[in-house]
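Worksheet: one structure, shown below.
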Amino acid sequence: MAAPPPPPLHSTLFLLLLHLSLLHAYTHPDLAPLLSFKSSSDTSNKLYSWTNSSDPCHRAANFHGVSCLHNRVTGLVLEGFNLHGRFDSLTSLVKLRVLSLKHNNLTGPIPDLSNLTSLKLVFLSNNQISGEFPPALPSLFRLDLAYNNISGKIPLTVNRLTRLLTLRLENNHISGSIGFLNLRNLRDFNISMNNFSGEIPVSLSRFPKSVFSYNSVLCGLPLLECILPEIPSPVVSSSPTSLPSTAEVPAKKPEKNRGGGKISTLAIVAIIIGDVFVLALVSLLLYCYFSGESVNGKNVLKSEKSVYPSSTASSFEKGRMVFFDGMRRFELEDLLRASAEMLGKGGLGTAYKALLDDGNVVAVKRLKEVAVGGKWEFEQLMEVLGRLWHPNIVSLKAYYFAKDEKLLVYEYMSNGNLFWLLHGNRGPGRTPLDWSTRLKIVAGAARGLAFIHTSGTTHKLTHGNIKSTNILIDKSGNACISDVGHSAITPPTAAPRSTGYHAPELSSANTRKPTQKSDVYSFGVLLMEILTGKCSSMVDNSGVLDLPRWVRSVVREEWTAELFDLELMRYKDIEEEMVRLLHIALSCTSVAPDQRPTMDYVVKMIHDIEGVEPSPGRDMLDSASDSPI
């Protein structure tokens, strides 16, 4: 049988051209929204890898920050790209599951996200987003809108987010009540530095005070108890003019009730005499009590002698307690009567844990001597420190200044310090500090130090004594930097700072004053301490060796695996993260100060490491499940 004749050449060419034209006509449905966003927001062209490719999900396309699943864009993570303007065009990415645009300069209101039914994670913190809280949201697991300019009230519809694990709204202008909030699955919550008012619901009272602080009129546990206004009891007046203008004058009552609506002159005189008598009796009792206390004052002071050894009644009378916002007021006598436990001694003074009569616990630092000119200079510095509020800084709550006595009152941190967590009780029975906790601690400490460095108005603020004992841990496991501002008042004759954290330039007598660059060096040593589990100064066969020098020598010999703490070897798939943190530490401890990064950039580099916080890269980019972890 003869073979069929081949198709005409012109027919083959036609089919080929038709196929190519169809391929060219196909445009990926997510390409236009991405390019529109780049065109309006990427003014510095940092997204240069985004081109007019027909498929942003193709491996060869190389769309930075874009992740896909089943050939649709499901993740967009662009943090710290200096993006500007609005991002409304992204609402066309209907399969989006993760949206993280933190640390940019985005403006305008949050667009309507209700069509993004697959969206699970939204991170928009540290932008300039304004407008009101989004009224309609998909079924989110995490929502972070902190450090923006959002105003208005939280809508009732937020309670529909029954699976919400994170709600961060700190440092905005949101107002109104939160009494209606009922999000029982919340694990990460913060509404501090807003304008909320009213009572905190019971479902949120489990969170620490810090997440509610710096709001106008917010009360209830864990803050101060809400005081309800007293409802005046009805008083029957003899004159209709004392009634409100909208009230009707009651009809005249029968004669048998006459006189029941007013108080006789004799009764008024008796009440006045009784009040005077009670007042006199109370005054007499108070006089007897305080005069007896002054007689026995020697015994009172003696009982507190272990806490305030050189305190005298006369010195206390010359000063006053000065409180900052958010601190429950108390008198100096309350502080003296408090049961105290010494926490430690430093070059500036001795720190105590004080339990007040009302059950509050504070940390008190009793200063030995300070290097300031006088009371005015001291108070000016305290005012600066009192306004220096950040979740990763131990807040100064109050201070006391007198000629012979100076006290600083801080929020008490119940979980000790990083030094003890790393080095305490090494051996059998010890609970190791896991990798994710170490990353969380260094990320928090970095944010706190960056805030200190960028908060100066007329001059640059420094810490001057960054070390693991000054990284305290609060009830939620967050790192908080202590001793902020102490370097400014530490006298030259005080005990030297921990030499293991000293930047090389501070060894010179001419450059002993700490700088922001020397703070960065100390922070780099802290990172090495976290990674190696070793103290900042070690003793080997050649004597005392500082940690940065030892780390560099090991890296030079290409024995990097020998660097890391053996307690971290039990965890899988963290080697890359540890190496990335090591590179940050090496950069921070450069010998030349100009080669060290700023703390703002250190924060960004640490946040870029997977696992610092619930990472979009690990959350849902490779899975279609609804699991939040």
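From the set of residues in region 160-179 that are touching a helix residue (DSSP H, G or I) at 6+ places or on another chain (Cβ under 9 Å) and part of a loop (DSSP other than H, G, I, E, B), which is nearest to LEU121 (Cα to Cα)?
LEU164
Look through LYS403, LYS397 and report the one residue that is among the basic types (Lys, Arg) and in a strand (DSSP E or B).
Working: LYS403 fails: in a strand (DSSP E or B).
Result of the check over LYS403, LYS397: LYS397.
Going by the structure shown, is SER67 in the same structural domain as SER139 (by TED's automatic domain parsing), without any contact (Cβ under 8 Å) to a residue 12 or more places away in the chain and outside any loop (DSSP other than H, G, I, E, B)? Outline the logic, then answer.
Values: in the same structural domain as SER139 (by TED's automatic domain parsing): yes; without any contact (Cβ under 8 Å) to a residue 12 or more places away in the chain: no; outside any loop (DSSP other than H, G, I, E, B): yes.
It is false that SER67 is in the same structural domain as SER139 (by TED's automatic domain parsing), without any contact (Cβ under 8 Å) to a residue 12 or more places away in the chain and outside any loop (DSSP other than H, G, I, E, B).
Name the one entry in LYS345, LYS353 that is more than 22 Å from LYS209 (Cβ to Cβ) and either outside the structural domain of VAL484 (by TED's automatic domain parsing) or modelled with pLDDT under 80 (or both). Break it down stepwise before answering.
On the way: LYS353 fails: more than 22 Å from LYS209 (Cβ to Cβ).
Testing whether each residue is more than 22 Å from LYS209 (Cβ to Cβ) and either outside the structural domain of VAL484 (by TED's automatic domain parsing) or modelled with pLDDT under 80 (or both) leaves just LYS345.
Which numbered condition in (1) within 25 Å of SER44 (Cα to Cα); (2) part of a strand (DSSP E or B) is the only one that THR91 fails?
(2)
What are the residue pairs meeting all of these: first residue in region 420-439, first residue part of a helix (DSSP H, G or I), second residue at pLDDT 90 or above and hydroxyl-bearing (Ser, Thr, Tyr), Cβ atoms under 7 Å, and 6 or more apart or on different chains?
So the pair list comes out as LEU422/SER468.
Given the conditions (1) of a type in the set (Gly, Ala, Ser); (2) buried (at least 17 other Cβ atoms within 10 Å of the Cβ); (3) out of contact with any strand residue (DSSP E or B) (no Cβ under 8 Å at 6 or more places or on another chain), report the number of the one that SER203 does not fulfil.
Tallying (1) of a type in the set (Gly, Ala, Ser); (2) buried (at least 17 other Cβ atoms within 10 Å of the Cβ); (3) out of contact with any strand residue (DSSP E or B) (no Cβ under 8 Å at 6 or more places or on another chain), SER203 fails exactly one: (2).
Considering region 1-53 alone, what residues qualify as being within 21 Å of ARG72 (Cα to Cα), at pLDDT 85 or above and part of a helix (DSSP H, G or I)?
LEU31, ALA32, PRO33, LEU34, LEU35, SER36, PHE37, LYS38, SER39
Have a look at HIS64, HIS103 and point out the one that is under 30 Å from ASP188 (Cα atoms) and surrounded by fewer than 18 Cβ atoms within 10 Å (Cβ to Cβ). Please lay out each step first, then the result.
On the way: HIS103 fails: surrounded by fewer than 18 Cβ atoms within 10 Å (Cβ to Cβ).
The unique qualifying residue is HIS64.
Checking the structure you have, find out if any residue of region 105-119 is part of a strand (DSSP E or B) and touching a helix residue (DSSP H, G or I) at 6+ places or on another chain (Cβ under 8 Å). Spell out the reasoning first.
The first filter runs over region 105-119 and keeps only residues part of a strand (DSSP E or B), leaving 105-106.
Still in the list and also touching a helix residue (DSSP H, G or I) at 6+ places or on another chain (Cβ under 8 Å): 106.
Checked against the condition, which is being part of a strand (DSSP E or B) and touching a helix residue (DSSP H, G or I) at 6+ places or on another chain (Cβ under 8 Å), region 105-119 yields at least one hit.
Regarding region 80-91, can at least one residue be identified that is farther than 22 Å from SER130 by Cβ and loosely packed, with under 15 Cβ neighbours inside 10 Å?
If we filter region 80-91 for residues that are farther than 22 Å from SER130 by Cβ, which is where we start, we get none.
No: region 80-91 contains no residue that is farther than 22 Å from SER130 by Cβ and loosely packed, with under 15 Cβ neighbours inside 10 Å.
Got a sec? Which of PHE378, PHE401 is buried (at least 19 other Cβ atoms within 10 Å of the Cβ), among the aromatic types (Phe, Trp, Tyr) and over 23 Å from PRO208 (Cβ atoms)? Step through it out loud before you land on a result.
On the way: PHE378 fails: buried (at least 19 other Cβ atoms within 10 Å of the Cβ).
Criteria check complete, one pass: PHE401.
The values are calculated or read from the model by the stated rules, or taken from the named source; none is laboratory data. As the structure is a prediction and not an experimental result, all values here were calculated from the model. For neighbour counting, all protein chains shown are included, and Cβ atoms are generated from backbone atoms with ideal geometry for every residue, glycine included.
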